[in-house]
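Step one of this worksheet: look at the structure below.
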Amino acid sequence: MPMSEVERQIGRFLEELQRNNASPHTIAAYESDLRQFLDYFSPPGVEPPGPAEFDVLKVREWLAGLYGQKLSAVSMRRKLAALRVFFRFLVREGLAPMNAARLLRTPRAPKKLPDVMTAEQANTLLDGVAAGKLERPHPARDLAILELLYGCGLRVSELVGLNLDDLDRSERWLRVRGKGRKERQVPFGGKAAEALERYLAERSSREMALFLNHRGGRLTDRGVRGIVKLYATLIAGDSSVHPHSFRHAFATHLLGDGADLRSIQELLGHARLSTTQKYTQVTLTDLMAVYDRAHPKA
């Protein structure tokens, strides 16, 4: 079948994202969500509506279809957000009279506090990796990865995006590229510094990426997730630990030891303080649990 007008505009929209230096992960997510939206209106033998034909009723019908698929509220919120950005592009290009997706209420996501490792659990896991009890091909690299995840609170995409020239070994700073290509500087401590020095001493490749896979190329998000899961399962007996678990632990442990929210916000690279404030809820939940266990009148 010939390409529909909506499909053509999706292609133009994705090209614009590339020109604006959106990350490959962001572009892939937009493409997936918009292709699914187009597929909903393109059953076999049916031409999808043109860009100007999408009104609130059509978009609501699509959203109802997502409810019918029993998608989580978080997934529906993401897909609706992608559609809003796409329709904003169409309105700007003069191809749609209004952004119909903005007129729909965003599905409410349940408030879920992240599961957070205790400081003892995090240190036990890292000490187990440092002890070298598991026979792994790149133990020094693996330890440096986990030390930076916990010591700097990095997102996994930020970790694998690090290059050698992002590392200031004398001052112990990392240049980190976060969401929206925003850069920030993050300090790292003595344990992470020791692990990095050990890893860099045996690293001989000229590849610009800091962390390499077994083929000598840049390590991927998936590769890091696999490394974390392997060690967490075999050392801590907990296969639910993932790279973001260390980010949660980093923020919660800083807050519990007296760091202020603004500083934690800067270290994590959060655009809004409200995102960082969820860690105060985790800390309060922990305090309530301690109170319930320990106070005679609880």
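Some notes on this structure:
- Qualifying residue in the range 109-118 (condition: surrounded by 16 or more Cβ atoms within 10 Å (Cβ to Cβ) and under 30 Å from SER4 (Cα atoms)): no
- For beta carbons closer than 7 Å, sequence separation of 6+ or different chains, a first residue in the range 252-280 that is surrounded by 13 or more Cβ atoms within 10 Å (Cβ to Cβ) and a second that is of a type in the set (S, T, N, Q) and at pLDDT 80 or above, the qualifying pairs are THR276/GLN265; TYR279/THR252.
- Within the range 54-81, residues that are modelled with pLDDT under 90 have Cβ atoms under 8 Å from residues that are small (Gly, Ala, Ser) in these pairs: SER72/ALA109; ALA73/ALA109; VAL74/ALA109, counting only partners at least 6 apart in sequence or on another chain.
- Residue count, the range 13-41 (criterion: closer than 25 Å to LYS182 by Cα, touching a Phe, Trp or Tyr at 6+ places or on another chain (Cβ under 8 Å) and not hydrophobic (A, V, I, L, M, F, W, C)): 2
The values are calculated or read from the model by the stated rules, or taken from the named source; none is laboratory data. Because the structure is predicted, anything quoted here is derived from the model rather than measured. When we count neighbours, we look across all protein chains shown, and the Cβ atoms used for this are built from the backbone with ideal geometry, even at glycine.
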